[in-house]
Amino acid sequence: MTTEAQEVLQQAEALRAAADKAAAGVDDASGLQAWRVEFLGRKSALNALSKGLGSVPEADRPAAGKALNDLRAKLEATYQELERRLHAAAEAGPAPPRDVTLPGAPAAVGTLHPITQTYYEIAAFFTQLGFAVAHGPEVEDDFHNFSALNFPPEHPSRDTQDTLYLAGDWLLRTHTSPVQIRVMLEQEPPLRVIVPGRCARADAVDASHYPVFHQVEGLLVDEAVSLADLKGTLAAFAEYLFGAGTKIRFIPDYFPFTEPSADLSISCVMCGGEGCGPCGGTGWLEIAGAGMVHPNVFRNVGYDAEKWVGYAFGMGIERIAMLKYGIDDIRLFYENNFDFLKQF
Ligand code: DAH
């Protein structure tokens, strides 16, 4: 096809688009009249195009002519449709006045995510005991996440906390414990802080594991602190969170940054300690790791390890929320399922 003919087709197409766009804005008789003059009138672009047909080489003239005829038919149909609509609107009369006294549509009010709610509950307990809230970065370095916490390089205790390693020394933190280091490097004892935050581990997804999860860390450093203080505080915490009569149990465990170290369990909230499916028949549910701060950790932050004593603990917020609310699959927290979320 010759360029002249192509030109005609392109202009016809542009004209059709412009006419449609202008038609959408026609809402009264004078607008309709103006539209007609512009697109179908004697001086319309369509007429100009038709007059120029003579310069299109003869072979292409029928095709170009047909395109212009089609366009004219389409514009006339549009005109008629606009006229019919204006007419119908005039018949229907003015819209009834809006009744501004009718009640409005209720706004959908959001709620806090159950993870956030559970964290606020945990925080309320510890802040009443004088714990401040500290935060740290989700992208950490080896020093804060591991070595300052007394994980020697190549030590097998690192294997339980595999994560995404980034360029250089950077990694996604595997726990909130590195913030213990950050706080102690900045503040002199005595101190007490809790640390909420997101953590990451190279865990396969199942009903109780997710590669991204949340923890609350606790750290208290002072002069005369003992394991009894830690145990008493966590016993009161367990009753606060899970109700009066909730019992706790410490069993020995290993963490490089505490000595001695323990796992904290509560009496099973489902069976009251009798033994059931969720507690694996033991009557106990593990909710946190805890222990007395290892002197090496104090040395790594420049504290006098002869003078200062401390305790620390760390718990998974998802785990606690699941036990509190009877949620059986951790994935529910992250799916943005409205039916799930609106129950909280
Ligand atoms: N950081 C440990 C973990 O993620 C949990 C933990 C255990 C934190 C003992 C502590 C602690 O502060 O004392 O597995």
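The values are calculated or read from the model by the stated rules, or taken from the named source; none is laboratory data. All values reported here derive from a predicted model rather than from experimental measurement. Counting neighbours? That spans all protein chains shown, and the Cβs are built from the backbone with ideal geometry, glycine included.
Some values worked out for this structure:
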read-out	value
Flag for residue 49 being under 20 Å from residue 17 (Cα atoms), under 52 Å from the mean Cα position of the chain (by Cα) and either exposed (fewer than 11 other Cβ atoms within 10 Å of the Cβ) or among the hydrophobic types (A, V, I, L, M, F, W, C) (or both)	no
Residue satisfying condition, being in contact with a helix residue (DSSP H, G or I) (Cβ under 8 Å, 6 or more places away or on another chain) and surrounded by fewer than 19 Cβ atoms within 10 Å (Cβ to Cβ), within set 325, 303	325
The range 92-115, subset within 22 Å of residue 325 (Cβ to Cβ) and of a type in the set (Val, Ile, Thr), residue surrounded by the most Cβ atoms within 10 Å (Cβ to Cβ)	115
All positions within the range 138-161 that are at pLDDT 95 or above and either over 15 Å from residue 201 (Cα atoms) or within 13 Å of the ligand (Cβ to nearest atom) (or both)	140, 143, 144, 145, 146, 147, 148, 149, 150, 151
Residue match in the range 141-152 (condition: out of contact with any Ser or Thr (no Cβ under 8 Å at 6 or more places or on another chain), charged (D, E, K, R) and within 27 Å of residue 304 (Cβ to Cβ))	yes
Filter pass, residue 130 being on the phi > 0 side of the Ramachandran plot, surrounded by fewer than 17 Cβ atoms within 10 Å (Cβ to Cβ), modelled with pLDDT of 95 or more and more than 16 Å from the ligand (Cβ to nearest atom)	yes
Any hit, the range 232-254, residues being free of Cβ contacts under 8 Å to residues at least 12 places away in the same chain, in the same structural domain as residue 174 (by TED's automatic domain parsing) and either within 13 Å of the ligand (Cβ to nearest atom) or touching an Asp or Glu at 6+ places or on another chain (Cβ under 6 Å) (or both)	yes
Meets criteria (within 24 Å of residue 175 (Cβ to Cβ) and near the ligand (Cβ under 10 Å from one of its atoms)) for residue 302	no
Filter pass, residue 195 being touching a residue at least 24 places away in the same chain (Cβ under 8 Å) and more than 14 Å from the ligand (Cβ to nearest atom)	no
Filter result for the condition that a residue is more than 16 Å from the ligand (Cβ to nearest atom), of a type outside the set (Ser, Thr, Tyr), within 32 Å of the chain's Cα centre (by Cα) and farther than 15 Å from residue 207 by Cα, over 307, 324	324
Filter result for residue 263 (charged (D, E, K, R), crowded, with 16+ Cβ neighbours inside 10 Å, modelled with pLDDT of 95 or more and within 13 Å of the ligand (Cβ to nearest atom))	yes
Verdict on residue 118 being surrounded by fewer than 17 Cβ atoms within 10 Å (Cβ to Cβ) and away from the ligand (no atom under 16 Å from the Cβ)	no
Candidate set from the range 272-286 (those that are buried (at least 16 other Cβ atoms within 10 Å of the Cβ) and assigned to a loop (DSSP other than H, G, I, E, B)); member that is modelled with the highest pLDDT	283
Index of the failed condition, residue 279 passing every other in (1) more than 8 Å from the ligand (Cβ to nearest atom); (2) under 22 Å from residue 229 (Cα atoms); (3) touching a strand residue (DSSP E or B) at 6+ places or on another chain (Cβ under 6 Å)	(2)
